[in-house]
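The values are calculated or read from the model by the stated rules, or taken from the named source; none is laboratory data. All values reported here derive from a predicted model rather than from experimental measurement. Cβ coordinates were reconstructed from backbone atoms using ideal geometry, including for glycine residues, and neighbour counts include every protein chain displayed.
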Amino acid sequence: MKHFLKETDFTPQEVAKVLELARELKRKRGRNDPVLSQQTWALIFAKASTRTRVSFEVGIQELGGHALFLNKNDLHLGRSESVADTARVLSRFVHGLVVRTYAHSDVEELARCGSVPVINALTDLLHPCQVYTDVFTAAERWAGPTGNLLAALRGRKIAFLGDTRFNMANSWILGAALFGMHIVLAGPKGYEPGTQINDLLKAEGFADTYQFTTDPDAAVENADIVYTDVWASMGQEEEAKPRRRLMQPYAVTAKLFAAAKPDALFMHCLPAHPGEEVEQAVLDNPRSVVFDQAENRLHVQKAILVMLARQARG
């Protein structure tokens, strides 16, 4: 059974297919094949969401399926019923699971114990749907309507600033290695990427694939993409105030963005906090593609759904 829990769950050949399929689905929106006809996919969300929930619900519907939304209060998951038993039960009812939760081990357990495809829609360790969307957003600009999307990514540099120990940074570290990109992360001392992502890189056969610096100017030099995320994610609210002081030097200001390549793209997975991790002027810059990223969640996730549904059918 094929799952999508981390970036490397698709081979490079499959990644190329996902990106090309996303471009085709975007172009054909409103005329998509109903590949999920008569299927129900459960969306299990322990965390609130705008883009993730809406894009998956709309995407499943546009592919002919039905999305069943379940929040943490709708299930006994991890409370009065084990994750394993929940996986076994839901597999008798639905054709796939889309899971947005805290512990990455929960999506791994759901995949291991269930008998339907599982998609990681965000955990504290990784956010693979977002990174696939981000590279598609950049590649469609660089490759144009007919160019090779995966080839357009190779050798490109991304600068990631701010919280370099959490899921978006981790996913970009793993994604950059997979897509043949170079990533430099800039954050405060003590925020170097952690052992989990380093162990995962080694397990996937990647070594020394990223750089970490405390110097934001060095990170953005010659960057093709400048990326940031909020400084305190859901579940870290009590850390918000001290993090603001610690990470202020890594805010993406207009001055810092100007130090990247003249045609560099600015990216943020949203929601953004203007005046904290990024200036409003950067969000409003013509080279900011944050809303393209948001839209492309729909097309890329539809491509992932199609790939998994086809493989499940054999």
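A compact table of results
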{"quantity": "Filter result (polar (S, T, N, Q) and part of a loop (DSSP other than H, G, I, E, B)) within the stretch 271-314", "calculated": "Asn285"}
{"quantity": "Qualifying residue in the stretch 30-39 (condition: modelled with pLDDT of 95 or more, outside the structural domain of Leu153 (by TED's automatic domain parsing), assigned to a strand (DSSP E or B) and in contact with a His (Cβ under 7 Å, 6 or more places away or on another chain))", "calculated": "no"}
{"quantity": "Residue check for Val107: under 18 Å from the mean Cα position of the chain (by Cα), within 16 Å of Val300 (Cβ to Cβ) and either part of a loop (DSSP other than H, G, I, E, B) or assigned by TED's automatic domain parsing to the domain that holds Arg51 (or both)", "calculated": "no"}
{"quantity": "Any hit, the stretch 222-232, residues being surrounded by 14 or more Cβ atoms within 10 Å (Cβ to Cβ), among the hydroxyl-bearing types (Ser, Thr, Tyr) and modelled with pLDDT of 95 or more", "calculated": "yes"}
{"quantity": "Check on Val99, in a loop (DSSP other than H, G, I, E, B) and among the aliphatic types (A, V, I, L, M)", "calculated": "no"}
{"quantity": "Unique residue being over 15 Å from Ser288 (Cα atoms) and acidic (Asp, Glu) when the list is Asp224, Asp229, Asp217", "calculated": "Asp217"}
{"quantity": "One residue from Leu270, Leu283, Leu265 being surrounded by 21 or more Cβ atoms within 10 Å (Cβ to Cβ), under 22 Å from the mean Cα position of the chain (by Cα) and either among the hydrophobic types (A, V, I, L, M, F, W, C) or over 11 Å from Val226 (Cα atoms) (or both)", "calculated": "Leu265"}
{"quantity": "Wholly enclosed helices (runs of 4 or more DSSP H) of the stretch 135-223 bearing at least 2 residues farther than 19 Å from Gln248 by Cα", "calculated": "149-153, 167-179, 195-203"}
{"quantity": "Qualifying residue in the stretch 19-27 (condition: on the phi > 0 side of the Ramachandran plot and out of contact with any Asp or Glu (no Cβ under 7 Å at 6 or more places or on another chain))", "calculated": "no"}
{"quantity": "Residues located in the stretch 73-125, provided they are under 27 Å from Trp231 (Cα atoms), surrounded by 22 or more Cβ atoms within 10 Å (Cβ to Cβ) and in contact (Cβ under 8 Å) with a residue 60 or more places away in the chain", "calculated": "Val107, Ile119, Asn120, Ala121, Leu122, Leu125"}
{"quantity": "Within the stretch 6-29, tally of residues that are in a loop (DSSP other than H, G, I, E, B) and either crowded, with 20+ Cβ neighbours inside 10 Å or not assigned by TED's automatic domain parsing to the domain that holds Met307 (or both)", "calculated": "2"}
{"quantity": "Selection count where residues are farther than 24 Å from Thr8 by Cβ and surrounded by 13 or more Cβ atoms within 10 Å (Cβ to Cβ), scope the stretch 192-216", "calculated": "3"}
{"quantity": "Checklist (1) within 20 Å of the chain's Cα centre (by Cα); (2) farther than 22 Å from Val18 by Cβ applied to Val289, failing item", "calculated": "(2)"}
{"quantity": "Filtered residues of the stretch 40-65 (kept if outside any loop (DSSP other than H, G, I, E, B), within 23 Å of Gln311 (Cβ to Cβ) and out of contact with any strand residue (DSSP E or B) (no Cβ under 8 Å at 6 or more places or on another chain))", "calculated": "Ser55, Val58, Gly59, Glu62"}
